[in-house]
1. Tell me, what is the FRET efficiency for K206 and D121 to the nearest 0.05, using R0 = 25 angstrom and their Cβ-Cβ distance as r?
2. Here is the link list: K71/K101; K88/K199; K114/K220. Which ones come out longer than 28 Å on Cα distance?
3. If you take every residue apart from K214 with its C-beta less than 12 Å away from the C-beta of K214, what net charge results, scoring Lys and Arg +1 and Asp and Glu -1?
4. Let me check I've understood the local charge: for D148, count other residues with C-beta under 13 angstrom from its C-beta, Lys and Arg +1, Asp and Glu -1. What total comes out?
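Throughout, read-outs are computed from the coordinates displayed, never taken from laboratory work. All values reported here derive from a predicted model rather than from experimental measurement. Glycine also receives a Cβ, built like all others from the backbone with ideal geometry; neighbour counts cover every protein chain displayed.
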Amino acid sequence: MKIKTIIRKAVLIFCGLFLLHSCSISTTNHYHADKKMSFATDIDMSQALEMMKSFMPDSLNQGADFMKMEKYPRDWQNIYEIQKMEGKVATNPDSIKLMKKIFFKGNFDADKFKGFSVKSDPLTNAELAGVGTLLGKEGSMMNNTAFDDWDGKSLKIDMSKLQMSPSDFEALLKGGETDGQTTKEDIDGFLSMMDMDLKNKLVFDKKIKSITGKHDWIKKVDNKTIEVNFNLKEMMDKNHQFKDKDNIIIIETE
C-alpha cells in the first residue's frame with residue numbers, strides 16, 4: 001500500500017463522521033546545528049477505531065482495504081522498503097534517497113491496532129521540500145511547512161500556515177478535489193462532533209537565545225524546547241480571539 005494511501009485513509013478515519021471523541025497528532029521537530037531538521041509524528045487512532053466499531057461492527061470483518069491494518073509493519077521500515085515489498089519500485093535516484101530517510105510503522109497493543117508513527121532522518125531544506133510530494137497533501141498534518149524555515153541558527157514560523165480555510169479542509173477530506181461549496185456552517189457542524197488536538201514540540205541542538213513575536217499557541221518549555229499546541233477548531237477559525245497573534249515568530253539560537 002502506498003504511503004500516501006495509508007496517510008490519507010488515516011486522516012479520513014480521524015475526520016470521519018463517526019469520530020466523536022478527542023484525538024491527537026503529536027509531532028517533534030529536531031533542529032540540528034548543521035541546518036538539517038528531523039521529525040517524528042505519532043497518530044493515536046484508538047478512540048477513532050473504537051467509535052467506528054460501535055457504529056459499524058460488521059465492516060471491520062469484511063476485508064475492507066482501509067481496515068487491513070494488521071499488515072502494517074510493527075517495526076520501523078523506510079518507505080522505499082515498504083513500496084518495494086508491494087512491488088512498487090521507484091526509479092528516480094533523488095526520490096529513492098529521500099524515501100530511504102522516511103520511516104513508518106504501525107502501533108499495536110498486543111494485536112490491537114492503535115495508530116501509526118512516521119519519522120525521518122535529518123533532512124536538508126531541499127529534502128524537506130520533497131516530503132510534501134512524498135507524503136501527499138494529507139501528510140501536512142504531520143509535517144507542517146510552517147516549521148521548516150530553519151537555517152541552522154534561527155527558525156522562522158509563519159503562523160498563517162497553521163490555519164486552514166473551509167475549502168482547504170474540504171480538499172483534505174476529498175483527496176485534493178473540491179467543488180468549493182463547503183461553507184462555514186458545514187465546517188462548524190462537522191467540527192462540533194470532534195475535537196482534534198495538534199501538538200508540536202520544537203527541539204533545538206543549541207540553547208534558545210531569543211524569541212521575536214508572541215502568539216497564544218507558542219510556549220517556551222525550557223532553554224532548548226518550544227511547544228506549539230492548538231486544536232482543529234482553532235485552526236479552522238480565522239475569527240478566533242487571541243491575546244497575542246503575531247503572524248511571524250522568529251526563534252534564534254546561540
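1. Calculated transfer efficiency: 0.80.
2. Working: K71/K101 21 Å; K88/K199 33 Å; K114/K220 30 Å.
Check vs 28 Å cut-off fails for K88/K199; K114/K220.
3. Result for the neighbourhood of K214: +1.
4. Working: positive: K35, K36, K156, K161; negative: E127, D149, D151, D158.
Around D148, the surrounding residues sum to 0.
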